[in-house]
């Protein structure tokens, strides 16, 4: 889930756009003087007050990082294309036509079977009744492109094995925040080198995928990584806040049952009303009366709100949001994104 522009930001953009035309007098415009700053830390001066870049950009760190990454990816894609072109041209089989070379020497004999299409649809939970001929063809085309990309990667791996490409582009650094775990429930090692703090919402479908990724990380890294869970129920998810309280009630009633309730709720996000929560509590072995009493008391509402306030302080705007040793990862990114950061942290 992506955050949207704040009303003030939208207003400022509109004013800027309309300010480009239909202005009668110069003095009706805001007066901005662009000049070299007194130092590298100062962004502007307002009414005699020096405004630092830290003041200006606080709360925008992830937006800036994502914008920088888009520029970086454009450059890397251009570089990748140039690398492919250079190695093609250096190949004795190259006859001046890149497409022909690709088809005949790199991506030849690539096929996609009906079985692979069915597997793709099953993994993405596409209903069989929706899997018509047109959709199957689109899936085949997608899988063929994936296989072609893999073939190019394999070809490049062979070509660059003895002639590695030196890259001097600097990848943008992720924003880093001081995110305290506190008494949040966690899995993995208590004193692990790497800590992943997850801000999540039990009613958010993207958070369901995020939970699967965290489970995979636990499986792959064991006690090398500590994965802590923080609540960030979004206001438009009407059952999310109570679901968060339900998970905390489960832990209070029986140690270790936070994660059992966590798994049950993410496995069935359509059943998060009170009756659904009670049914899940019974399924994991909790007494119905005790669970109901805890849930109805609202005793953990303040704890959930505390997590939310912490999340806002460190820049959480959507769910799921993760912090890997403080490095912000926005959304349920592929597991490889997390592993890249974790491996780098473990290597330090």
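Data for the structure
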quantity: Choice from 260, 224, 140 showing the highest fluctuation, given a GNM over the chain with Cα pairs closer than 10 Å; calculated: 140
quantity: The chain - percent relative contact order, Cα under 8 Å, separation 6 or more; calculated: 18
quantity: Mean separation of Cα contacts under 8 Å (6+ apart) over length of region 210-263, as relative contact order %; calculated: 18
quantity: R0 of 35 Å, Cβ-Cβ distance residue 114-residue 63: FRET efficiency to nearest 0.05; calculated: 0.20
quantity: Translational diffusion coefficient (Stokes-Einstein; Kirkwood radius from C-alpha pairs) of region 164-244 at 4 °C, 1.567 mPa s, in µm²/s; calculated: 88
quantity: Sum of -39500 (n - 2.57) over DSSP H runs of 4+, divided by residues of the chain (222 nm, nearest 500); calculated: -16500 deg cm²/dmol
quantity: P(r) tail fraction, region 166-308 - alpha-carbon pairs more than 22 Å apart, %; calculated: 41
quantity: Burial ordering of 265, 88, 50, fewest other beta-carbon atoms within 10 Å first; calculated: 50, 88, 265
quantity: DSSP beta bridges in region 186-347 [antiparallel fraction, %, rounded to 5]; calculated: 60
quantity: Cα gyration tensor of region 81-149 - equivalent ellipsoid semi-axes, whole Å, descending; calculated: 34, 11, 9
quantity: Residue order, fewest to most surrounding Cβ atoms within 10 angstrom, among 119, 128, 136; calculated: 128, 119, 136
quantity: Neighbour-count order for 33, 213, 106, 74, fewest beta carbons within 10 angstrom listed first; calculated: 33, 74, 106, 213
quantity: Calculated diffusion of region 51-109, Stokes-Einstein form, Kirkwood radius summed over Cα pairs, 20 °C and 1.002 mPa s, µm²/s; calculated: 146
quantity: Antiparallel DSSP beta bridges within the chain, percent to nearest 5; calculated: 70
quantity: Top of 306, 29, 242 by mean-square fluctuation, Gaussian network on the chain, Cα under 10 Å; calculated: 29
quantity: Spin-label pair residue 215/residue 28, simplified geometry with 7 Å Cα→Cβ offset, distance in nm; calculated: 6.2
quantity: Highest-fluctuation residue, 103, 134, 216 considered, GNM on the chain with Cα pairs under 10 Å; calculated: 134
quantity: nm² value of the averaged projected area, convex hull over the Cα atoms of the chain; calculated: 27.5
quantity: Region 194-348: relative contact order as a whole-number percent, Cα under 8 Å and 6+ apart; calculated: 34
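We did not get these values from a lab; they are worked out from the coordinates using the rules stated. Only a predicted model underlies this, so the values are computations on that prediction, with no experimental measurement involved. Quick reminder, even Gly has a Cβ in these numbers, built from the backbone with ideal geometry, and neighbours come from all protein chains shown.
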